[in-house]
Amino acid sequence: MSLKKINTVLAAAFILFLLWFGTEYILSPETTAPGYGLPSWPPGDGDGFLTIKGIRDVVLALVLGILLVTGHRRALGWVLLTEALAAYGDMTNVLAHHGSVATALGVHGLTATLMMVNGLLIMRETRNVAPAPETPAPQPA
């Protein structure tokens, strides 16, 4: 299997994962939130804040999906590298609030690191792409 195919499969997996996870946060935040890794449910009505996380994840997936479908692979690599920061932020949030270290590192940290690896592999795949040759303008006869 070529590097391009592996990168495409990995990127598609991230897109599907983010869509699924984001949709879960939007549709049933109370059942999805405990898997985030924080030690306790926020007091009061926290559904609105959890829905924000779901919307964020869906939008992250859509941006990746658009770049993948339109073939903008170098931009896809850059965006994967950038979006990994959101997962590292989630990991830091869980750790800063004394949440589950296993979830922080095993879910958020691992996801972020795999996104970084996928982004770097796509950047490597696209670094040697030669520019299209310029065709000379037709000369009058």
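Taking every residue in the range 95-123 that is closer than 21 Å to THR82 by Cβ and pairing it with any residue that is among the polar types (S, T, N, Q) and open to solvent by less than 40 Å² (accessible area, probe 1.4 Å), at least 6 positions away or on another chain, the pairs with Cβ-Cβ distances below 8 Å are ASN118/ASN7; LEU121/ASN7; ILE122/ASN7.
Got at least one residue in the range 72-79 being farther than 15 Å from MET123 by Cβ and surrounded by fewer than 18 Cβ atoms within 10 Å (Cβ to Cβ)?
Initially, the range 72-79 is screened for residues farther than 15 Å from MET123 by Cβ, giving none.
No, the range 72-79 contains no residue that is farther than 15 Å from MET123 by Cβ and surrounded by fewer than 18 Cβ atoms within 10 Å (Cβ to Cβ).
Annotation note: Cβ proximity below 6 Å between a residue of the range 68-79 that is over 16 Å from ALA13 (Cα atoms) and touching a residue at least 12 places away in the same chain (Cβ under 8 Å) and a residue that is hydroxyl-bearing (Ser, Thr, Tyr) and assigned to a helix (DSSP H, G or I) (sequence gap 6+ or interchain) occurs for ARG74/THR126. The residues of the range 29-50 that are farther than 21 Å from SER100 by Cα and open to solvent by less than 50 Å² (accessible area, probe 1.4 Å) amount to a single one, GLY48.
Residues in the range 19-27 include at least one that is open to solvent by 40 Å² or more (accessible area, probe 1.4 Å) and among the aromatic types (Phe, Trp, Tyr).
The values are calculated or read from the model by the stated rules, or taken from the named source; none is laboratory data. All of these numbers come straight from a predicted model, not from anything done at the bench. No Cβ is skipped: glycine too gets one built from the backbone with ideal geometry, and neighbour counts run over all protein chains shown. Please note that ligands, DNA and RNA were not included when accessible areas were found on the heavy atoms of the full protein model with its side chains. Shrake-Rupley method; radii C 1.70, N 1.55, O 1.52, S 1.80 Å.
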